[in-house]
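Structure record follows, encoded as structure tokens.
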Amino acid sequence: MAFDIYQDWSRIIETGAPLPGATITVFNAGTAVKPLIYEDAAAATPLANPFTSDAVTGVFAFYANNGLYDVQVVKVGATTYTLSDVKLHELTAFRRAAVTLTQAQLIALDTTPVVLIAAPGAGIRIQPWFASLVADTRNAAYTNIDVDAILRVRTADQTEEVLTAVTNGNSTGQTAVTDLLAAIARRTTQLLPFSYDGLAAAAGYLAGSGLPAPAYDPNAASNQALRIDLANGAAGNLTGGDPANTLQVVVYYTLETIPA
């Protein structure tokens, strides 16, 4: 069984500013009992409890067995606080990530992808099972959308697309990206599991086709964030839109350990 991770940063509770070098103590929820915690998902390296957050950023993390935990943050001169009922579960449990892209992020999506799920750690890959996209362009539509534009969710190293893409296709007549972003409306679409290797296009595997993709080395997806980007061809960044426009992306996924 692979243990789940809890990541956070110690902060000044009154302002939210980082509080580097704080003492972090983990308790079983509602008790004074300190459980065993670890530095890695395989529980190969125990972590002292309490331990200290990063001396510069205040970031801290630990792995632990399934359950509810209280995380206490203490530093001399700062207000002590406790994060109550932090829930950890097995990596294979279903999770939900929701990210809302702003107008600025949408305009720049061709050159600046947006992270949906952070890198999960060495030896672990993100396996998305479903995603929902809701574009709110009721104030103004986007323009400068390429006839072959592709809106896609894939790993940060850009080698594996793991969900069907939203595609335009000049040769196929597809207009899904235009339909989603170029209407003064609120529109939605869904993405399903699909692993697409760009090198396989010549073999007839087309992004968004729903066809099974060729096998790939899972290590390529190890510790890779999941993100959304827009391949907008020669058109480059989008134009138009409105400051109130948004694109909400909700992904349901699991974290899978990669066999040694």
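The numbers here are math on the coordinates, done by the rules we state, and not lab data. This structure is a prediction, so every number in the text was calculated from the model and none was measured. Positions of Cβ are generated from backbone atoms using ideal geometry, with glycine treated the same way; all protein chains shown enter the neighbour counts.
Hey, if you put +1 on the Cβ of every Lys and Arg and -1 on every Asp and Glu Cβ in the range 4-88, which of Y69, T23, V59 ends up farthest toward the positive end of that dipole?
It is T23, whose Cα lies furthest towards the positive end.
If you keep only loop residues by DSSP, which trypsin sites (Lys or Arg not before Pro) in the range 125-185 have at most 13 other Cβ atoms within 10 Å of their Cβ?
Those that pass, being in a loop and sparsely packed, number zero.
Show me the chymotrypsin sites (Phe, Trp or Tyr not before Pro) within the range 55-130 that DSSP assigns to loop and that have at most 15 other Cβ atoms within 10 Å of their Cβ. Please list the in-between numbers first.
Values: sites: F60, F62, Y63, Y69, Y81, F94, W129, F130; in loops: F94.
Sites meeting the loop and neighbour criteria: F94.
Given the -39500 (n - 2.57) contribution per DSSP H run of 4+ residues, what per-residue ellipticity at 222 nm results for the chain, rounded to the nearest 500 deg cm²/dmol?
-1000 deg cm²/dmol
On each of the three principal axes of the Cα atoms of the chain, give max minus min coordinate, whole Å, ordered largest first.
64, 43, 28 Å, listed from the longest principal axis down.
Would you mind checking which residues have amide H under 5 Å from A29's amide H? H placed 1.01 Å from N; only 5 or more apart, or other chain.
Long-range HN contacts for A29: L68, Y69, D70.
What's the local net charge at A244, with K and R +1, D and E -1, over the other residues with C-beta under 15 Å away?
So the surrounding residues net to 0.
Residues with beta-carbon under 10 Å from that of N223, excluding N223: net charge, scoring Lys, Arg +1 and Asp, Glu -1?
Numbers: positive: R125; negative: D157.
Charge balance near N223 sits at 0.
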